[in-house]
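Below is one structure, written out as structure tokens, with a few remarks after it.
The values are calculated or read from the model by the stated rules, or taken from the named source; none is laboratory data. It should be emphasised that the depicted structure is a prediction, and the values quoted were computed from it without experimental measurement. Positions of Cβ are generated from backbone atoms using ideal geometry, with glycine treated the same way; all protein chains shown enter the neighbour counts. Just so you know, the surface numbers come from the protein's heavy atoms only, side chains and all, with ligands and any DNA or RNA stripped out. Shrake-Rupley method; radii C 1.70, N 1.55, O 1.52, S 1.80 Å.
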Amino acid sequence: MQNHAHQSACQHARRNFLFQSLWGMGAVTLSSLLGPDEIVSSATADEREDPLGKRKSHFPARAKNCIYIYLEGGPSQMDLYDPKPTLNKLDGQPLPDSMLENMQFAFLQKETARIMGTSRKFAKHGKCGMDFSDLLPNLASCADDLCMVRSVHTDQFNHVPAQLLMNCGSAIAGRPSMGSWLCYGLGSETQNLPAYVSMATTGRGIPGGSASWSSGFLPSSYSGVLFGSEGQTVNNIENPKGITDEIQRSSVDFINTLNRQRVTQTGDSELVSRIKAYELGFRLQSSAPELTDLSDETQSTLDMYGFDRKEPEIKSNRGGKGLFREFAYDCLMARRLVERGVRVVNIIHSSWDHHSRLEPELTHNSLMADQPIAALIKDLKQRGLLDDTLVIVGSEFGRTPLGENRPGYKKVTGRDHHPGAFTILMAGGGVKPGFTYGASDDIGWNVAENPVHVHDLHATVLHLFGLDHTRLTYRVQGRDFRLTDVAGRVVNDIIA
């Protein structure tokens, strides 16, 4: 009886062992398919040796650098770029139920929503006759260098998912940003500065945080490096007291020797990124002071960007004192960065999210941004940099033609989020100058002509850099991912 029980226990143990082993083998197989080893193997030998080594584009490129000015929150297109006389004619009237039926809003109450007109005055500018409101006189003076796209639309109506879609091609967090894809596809043209720099001029902060300039599942070498404002552009750039350059060099060399040994053992691409980050950090200690020293800029240049403009007082959570100079500094720094070979510069300002107090807050933000952005475009042009530098001014969505009427608001003084039709501006880098593309309907509710989805915009930007958006892929978790997901078309009509 005891022998029988012992034999049964042994058989059970063997069956249990084999059964558990199957799970273990399955886990090993799955990890080999989905794990980081696949990411490493997807990189070429050159990428593992130098992730930011300069690489050839798929075809001849029109653009070499990108300056992406991101006005977080959603500027009101019908108060800035897209005149809608019908709004004023219909001011105070409701929309038909059929137009509201399938719409989603962040806060707006459909039942009592009413059309809201605008007090802004529009005029045509430049030889091309491009429309701008009276809030943007400086950008209006650049009309003949701008490409205005009035038919952009998105799938998302709340900030974070819409911000992720606009910046990363997906509303899901953890995907690489457009700047990261550009650096992954083309590498860097500088050894002394990051390939990708982000600068944030913030009022309330950035809802999506660093995901907007993250490398996602790409190696971290392709992630944006956050620079600060004037006086603290690169944090912790100076050696601690008592640490000489020789000691710092010796420390970096020793750490990287250990990391290289580990790379040989594991092939881990993140260790390669870490080695390059240490090297870049050391070189930045020499290059950053020269970059941030504005003594070689003329007073007329500083005045053109508006360094010493008087900043009007505004009681709002949209910013604090000093933002006017900070935004001007970021725009000038963007020019200095692309001059020195930085591939992508991202300037982010929040917030343009005007649910209430649209009139004073949009006026304040426009005063802050209009002059420096126009100065940047003119400065790039006069230095011969605009031809191969693509400048983009955009946001995650626009604003509704309806006034916001959420509970608790005593007066309707703002606009809600609107993904159906909004406007972006582009300049240089191979886009048609003095050109307006697409149109929204009479009240700016939907796209009426030449729709441009966010994926189409991304496909077009990559095309301008000589990259085929269907071929620029990265294999992770058993699938080839790309910036445009499984969609996107190049908008050839806006390419010069």
With respect to ALA171, is the statement that it is open to solvent by 20 Å² or more (accessible area, probe 1.4 Å), not in a loop (DSSP other than H, G, I, E, B) and not hydroxyl-bearing (Ser, Thr, Tyr) true? no
Checking the structure you have, find out if any residue of region 205-216 is modelled with pLDDT under 95, in contact with a strand residue (DSSP E or B) (Cβ under 6 Å, 6 or more places away or on another chain) and farther than 23 Å from LEU284 by Cβ. yes
Residue in region 217-233 that is in contact with a helix residue (DSSP H, G or I) (Cβ under 6 Å, 6 or more places away or on another chain), of a type in the set (A, V, I, L, M) and in a strand (DSSP E or B) present: no
Condition first: within 15 Å of HIS458 (Cα to Cα) and of a type in the set (Gly, Ala, Ser). Now tell me which residues in region 391-426 satisfy that. GLY394, SER395
Has region 148-165 got at least one residue that is within 22 Å of SER395 (Cβ to Cβ), part of a strand (DSSP E or B), among the basic types (Lys, Arg) and touching a helix residue (DSSP H, G or I) at 6+ places or on another chain (Cβ under 8 Å)? yes
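Every residue in region 361-390 that is free of Cβ contacts under 8 Å to residues at least 24 places away in the same chain and either assigned to a loop (DSSP other than H, G, I, E, B) or within 21 Å of the chain's Cα centre (by Cα) (or both), please.
Taking region 361-390 as the starting set, the residues that turn out to be free of Cβ contacts under 8 Å to residues at least 24 places away in the same chain are 382, 384.
Once the filter is applied, which keeps residues that are free of Cβ contacts under 8 Å to residues at least 24 places away in the same chain and either assigned to a loop (DSSP other than H, G, I, E, B) or within 21 Å of the chain's Cα centre (by Cα) (or both), region 361-390 yields only GLY384.
Here are GLN299, GLN285: which of them is free of Cβ contacts under 8 Å to residues at least 24 places away in the same chain and either open to solvent by 10 Å² or more (accessible area, probe 1.4 Å) or farther than 29 Å from VAL160 by Cα (or both)? Before the answer, list the steps.
Values: GLN285 fails: free of Cβ contacts under 8 Å to residues at least 24 places away in the same chain.
One residue alone meets the criteria, GLN299.
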Need the failing condition index for ALA43 against (1) open to solvent by less than 30 Å² (accessible area, probe 1.4 Å); (2) small (Gly, Ala, Ser); (3) modelled with pLDDT of 50 or more, just the number. (3)
Residue count, region 230-262, condition in contact (Cβ under 8 Å) with a residue 40 or more places away in the chain and open to solvent by less than 70 Å² (accessible area, probe 1.4 Å), comes to 4
Sole residue being aromatic (Phe, Trp, Tyr) and within 18 Å of the chain's Cα centre (by Cα), chosen from PHE435, PHE465: PHE465
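Return a yes/no flag: does region 131-140 have any residue that is of a type outside the set (S, T, N, Q), modelled with pLDDT of 95 or more and closer than 23 Å to ALA448 by Cα.
In the first step, residues of region 131-140 are kept if they are of a type outside the set (S, T, N, Q); the result is 131-132, 134-137, 139-140.
When the remaining residues are screened for being modelled with pLDDT of 95 or more, the result is 131-132, 134-137, 139-140.
If we keep only those that are closer than 23 Å to ALA448 by Cα as well, we get 131-132.
The answer is yes; a qualifying residue exists.
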Which numbered condition in (1) assigned to a loop (DSSP other than H, G, I, E, B); (2) touching a residue at least 60 places away in the same chain (Cβ under 8 Å); (3) surrounded by fewer than 23 Cβ atoms within 10 Å (Cβ to Cβ) is the only one that TYR409 fails? (2)
When region 359-391 is examined, which residues are found to be hydrophobic (A, V, I, L, M, F, W, C), open to solvent by 10 Å² or more (accessible area, probe 1.4 Å) and over 14 Å from GLY306 (Cα atoms)? LEU385, LEU386
Taking VAL197, is it under 26 Å from PHE307 (Cβ atoms) and part of a loop (DSSP other than H, G, I, E, B)? no
Any idea which of (1) part of a loop (DSSP other than H, G, I, E, B); (2) touching an Asp or Glu at 6+ places or on another chain (Cβ under 7 Å) is the one ASP91 doesn't satisfy? (2)
Scanning region 468-496 for residues that are of a type in the set (A, V, I, L, M), part of a strand (DSSP E or B) and under 19 Å from the mean Cα position of the chain (by Cα) gives none
If you check ASP441 against the conditions, is it over 26 Å from GLY169 (Cβ atoms), in contact with a strand residue (DSSP E or B) (Cβ under 6 Å, 6 or more places away or on another chain) and open to solvent by 10 Å² or more (accessible area, probe 1.4 Å)? yes
Can you tell me which of (1) open to solvent by 10 Å² or more (accessible area, probe 1.4 Å); (2) in a loop (DSSP other than H, G, I, E, B) is the one GLU396 doesn't meet? (1)
Among the residues of region 372-387, is any in contact with a helix residue (DSSP H, G or I) (Cβ under 7 Å, 6 or more places away or on another chain) and polar (S, T, N, Q)? no
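For region 426-440, indicate whether the set of residues that are within 20 Å of ALA106 (Cα to Cα) and modelled with pLDDT of 95 or more is non-empty.
No, region 426-440 has no match at all.
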Scanning region 140-168 residue by residue, those touching a His at 6+ places or on another chain (Cβ under 6 Å) and either buried (at least 24 other Cβ atoms within 10 Å of the Cβ) or free of Cβ contacts under 8 Å to residues at least 40 places away in the same chain (or both) turn out to be ALA140
Selection from region 122-139 of residues that are open to solvent by 30 Å² or more (accessible area, probe 1.4 Å) and either part of a loop (DSSP other than H, G, I, E, B) or of a type in the set (D, E, K, R) (or both): LYS124, GLY126, LYS127, CYS128, ASP134
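Report yes if GLU404 is crowded, with 18+ Cβ neighbours inside 10 Å, touching a residue at least 12 places away in the same chain (Cβ under 8 Å), of a type in the set (Asp, Glu) and touching a helix residue (DSSP H, G or I) at 6+ places or on another chain (Cβ under 6 Å), otherwise no.
Working: crowded, with 18+ Cβ neighbours inside 10 Å: yes; touching a residue at least 12 places away in the same chain (Cβ under 8 Å): yes; of a type in the set (Asp, Glu): yes; touching a helix residue (DSSP H, G or I) at 6+ places or on another chain (Cβ under 6 Å): no.
Against the criterion (crowded, with 18+ Cβ neighbours inside 10 Å, touching a residue at least 12 places away in the same chain (Cβ under 8 Å), of a type in the set (Asp, Glu) and touching a helix residue (DSSP H, G or I) at 6+ places or on another chain (Cβ under 6 Å)), GLU404 does not qualify.
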Of everything in region 89-121 that's among the polar types (S, T, N, Q) and under 13 Å from ARG415 (Cα atoms), which residue is most open to solvent (accessible area, probe 1.4 Å)? GLN109
